[in-house]
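The values are calculated or read from the model by the stated rules, or taken from the named source; none is laboratory data. These numbers come from a predicted model, not from an experiment. In this analysis, Cβ positions are derived from the backbone assuming ideal geometry, glycine residues included, and neighbour counts consider all displayed protein chains. Each accessible area value is taken on the protein alone, full model and side chains, heavy atoms only, with ligands, DNA and RNA left out. Shrake-Rupley method; radii C 1.70, N 1.55, O 1.52, S 1.80 Å.
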Amino acid sequence: ALDVPFPSTLEAEIARGSLAPDAEPHRGAVRKELTVSGSLLAVRWRAEDSRLLRISIVNFLDQLALVMRTLQRFGPPVSR
């Protein structure tokens, strides 16, 4: 499990929307759930194989870093 704080609920929702479409390569062995509560993005993994879990987490962290850099680069989003 991983909880990622964001400056706002909107930014957490943008991150979830950007990260959620990425399907796990081993769908049956690794499951990932992303939820937003306030400005917190919560990620929960379930896996049968520790190696596949590690790969999933590392890939997710790389993608999360890109999303966070993009949000920082372009500034706070405007309300919808």
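Just to be sure, is Ser37 out of contact with any helix residue (DSSP H, G or I) (no Cβ under 8 Å at 6 or more places or on another chain), open to solvent by 70 Å² or more (accessible area, probe 1.4 Å) and at pLDDT 90 or above? Answer is yes for this residue. Scanning region 55-65 for residues that are surrounded by fewer than 12 Cβ atoms within 10 Å (Cβ to Cβ) and either over 16 Å from Ser18 (Cβ atoms) or among the aliphatic types (A, V, I, L, M) (or both) turns up Val58, Ala65. Of all residues assigned to region 32-49, at least one qualifies as being of a type in the set (Phe, Trp, Tyr), touching a residue at least 40 places away in the same chain (Cβ under 8 Å), out of contact with any Pro (no Cβ under 8 Å at 6 or more places or on another chain) and not in a loop (DSSP other than H, G, I, E, B).
Kindly check whether there is at least one residue in region 19-30 that is out of contact with any helix residue (DSSP H, G or I) (no Cβ under 8 Å at 6 or more places or on another chain), assigned to a helix (DSSP H, G or I), surrounded by fewer than 14 Cβ atoms within 10 Å (Cβ to Cβ) and at pLDDT below 95. No, every residue in region 19-30 fails to be out of contact with any helix residue (DSSP H, G or I) (no Cβ under 8 Å at 6 or more places or on another chain), assigned to a helix (DSSP H, G or I), surrounded by fewer than 14 Cβ atoms within 10 Å (Cβ to Cβ) and at pLDDT below 95. Pairs are defined by a Cβ separation below 7 Å, a sequence spacing of at least 6 or placement on different chains, a first member in region 52-67 that is β-branched (Val, Ile, Thr), and a second member that is open to solvent by 50 Å² or more (accessible area, probe 1.4 Å); the pairs so defined are Val67/Ser18.
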